[in-house]
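Below is one structure; the comments refer to it alone.
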Amino acid sequence: MGFGHSHSKKNMVRRVRSASKKAQHGLAHLEEKEHHHAESGQPYPHLPSSHHPHAGHPAGYPWKPVAHPDYGGAGQVPPGHPHPEVFDPAIRQGAWAKQREKELGAKGWKDEVDRCLAYGLEAAPSVKDRTISTFARGELPHFAGINTFIKSHYLEDVNKVSQYDAAIIGVPFDIGATYRSGTRFGPQGIRRISALYGTYNYEMGVDLRESMKLCDLGDVFTIANIEKGFDQISRAVAHVRSNNVFPIMLGGDHSIGYPDVRGIAPYIDGPVGIIHIDRHVDTQETDMDERMHTTPWFHATNIPNAPPVNLVQLGIGGWQAPRPGVKVGRERGTTVLTIDDICEIGVERAAEIALDVAWKGAKAVYLSFDVDSLDSGFVPGTGWPEPGGFLPREVLKLLRLVAREGLCGMEVVEVAPSYDPSDMTALVGVRAIMDVMAALVNENKLGGKPPTKLPPPPYETPRKKKKK
Ligand SMILES: [Mn+2]
């Protein structure tokens, strides 16, 4: 991470203050020498190096910063650049994001450093970077620590949830699975690999730590009984939603879709739409005599203010769509787009349709993301893998686009880590959540206000307002 790792001379001198004068002199001399070699010397003179002058770059980097007509300041189009148009933030994300980064601020990072030092003690005197603590307490090192979701605060006392903008709720529940079990370890798997991520995303121009407050509430105490489990889940979700905090559920199998919506709907003053991304329709009434993970939208659309006309299902297809669920969708008038539909009309158009349907007459929209909507090659760790689904970049774009109008909650389901030792499936789940949070922040639908000097990122412009 690129935060505050400066090696100032002041710190180097301070660390040897207690040594004798002679030793101090010797040590400082050695350090200077060491530093010189590491940063500006040529430790391997026989090897060509791009960091040192040579025939092609006689004076190092040859381009001088120049002003840009729209954004001023230094560092825009280098004279003689063969493609100056790519430096235009209005048309190219690579240029836009570079400008946006300087508007993000660093207060959240400073607060985290202060907290880590207060809780984890100052580092040993030999550590030059004084933002480092003795005990790992924050984001760094990525391989250390006890993992909450992206090392967010673990909120042990859930009564304090209203102090946050969004809350992670683990739902380790997999007795609704009709083939592979194992999604009870989904929350653990998602949290573990989430440690790989920081809070900053280049192309979206967002640093979540600077724009919103996220906590991790840990897991729901699930019960090995479908209905008691559902009751516990709805109660947990309702606690967060009723405190006006954005709930993010880590499944768990897809049966939790019903108790998740049931926990939210009572706190929405009007109809709730549902955007459901999946290979499977999940709309039959029962499966093997119970409300299993093939049934959540039958029951969710029985909730008085979650009508089936506002349910839109994206990515459906393959050989795993049970016919009883299709019959229900036909009778209730749900909206289905297959993978082929979306390939034909494009992700942008599919997102427009999804938003039009889910928001028609609705007051809020809920997002359900099943990782098995991706091609099974990308998600081996799931309960019902199916070839032919989305590519990661397609589905991530779809998620960002459908989040633009705001959401009342989201879930990521069907991550079963034990079938995927490389953690790729769980990582897709992490990204889905991160991208949705960032899209909400950029649209000013979550947390504090986003940086506003620049227009939104190219390629993900706001939706044209339509009559509701
Ligand atoms: Mn599915």
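The values are calculated or read from the model by the stated rules, or taken from the named source; none is laboratory data. Model, not experiment: these values are computed from the prediction. Positions of Cβ are backbone-derived with ideal geometry, glycine not excepted, and every protein chain shown enters the neighbour counts.
Tabulated data for the structure shown
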read-out: Odd one out for Asp289, checked against (1) away from the ligand (no atom under 15 Å from the Cβ); (2) in contact with a strand residue (DSSP E or B) (Cβ under 9 Å, 6 or more places away or on another chain); (3) of a type in the set (Asp, Glu); value: (2)
read-out: Per-region count, the stretch 371-385, residues within 13 Å of the ligand (Cβ to nearest atom), surrounded by fewer than 19 Cβ atoms within 10 Å (Cβ to Cβ) and touching a residue at least 40 places away in the same chain (Cβ under 8 Å); value: 0
read-out: Conditions (1) closer than 28 Å to Ala354 by Cα; (2) assigned to a loop (DSSP other than H, G, I, E, B): number failed by Phe221; value: (1)
read-out: Residue in the stretch 314-335 that is closer than 20 Å to Ile248 by Cβ and crowded, with 19+ Cβ neighbours inside 10 Å present; value: yes
read-out: When residues of the stretch 398-430 are limited to those that are within 15 Å of the ligand (Cβ to nearest atom) and part of a helix (DSSP H, G or I), the one surrounded by the fewest Cβ atoms within 10 Å (Cβ to Cβ); value: Tyr419
read-out: Top-ranked residue of the stretch 118-157 - restricted to ones that are buried (at least 16 other Cβ atoms within 10 Å of the Cβ) and free of Cβ contacts under 8 Å to residues at least 12 places away in the same chain, ranked as nearest to Asn243 (Cα to Cα); value: Ile132
read-out: Lone qualifier among Val245, Val326, Val336 - being under 25 Å from Ala439 (Cα atoms) and either within 12 Å of the ligand (Cβ to nearest atom) or free of Cβ contacts under 8 Å to residues at least 60 places away in the same chain (or both); value: Val336
read-out: Of the criteria (1) within 23 Å of Phe149 (Cβ to Cβ); (2) surrounded by fewer than 24 Cβ atoms within 10 Å (Cβ to Cβ), which one His254 fails; value: (2)
read-out: Matching residues in the stretch 336-370 - criterion: being assigned to a loop (DSSP other than H, G, I, E, B) and either surrounded by fewer than 21 Cβ atoms within 10 Å (Cβ to Cβ) or aromatic (Phe, Trp, Tyr) (or both); value: Gly346, Lys360, Gly361, Lys363
read-out: Lone unmet requirement of (1) at pLDDT 95 or above; (2) over 19 Å from the mean Cα position of the chain (by Cα); (3) surrounded by 19 or more Cβ atoms within 10 Å (Cβ to Cβ); (4) under 18 Å from Gly251 (Cα atoms) for Gly389; value: (4)
read-out: Only one of Gly388, Gly448 that is more than 16 Å from the ligand (Cβ to nearest atom), over 21 Å from Ser194 (Cα atoms), part of a loop (DSSP other than H, G, I, E, B) and of a type in the set (Gly, Ala, Ser); value: Gly448
read-out: Residue count for the stretch 173-208, restricted to those that are within 20 Å of Glu156 (Cα to Cα) and under 13 Å from the mean Cα position of the chain (by Cα); value: 4
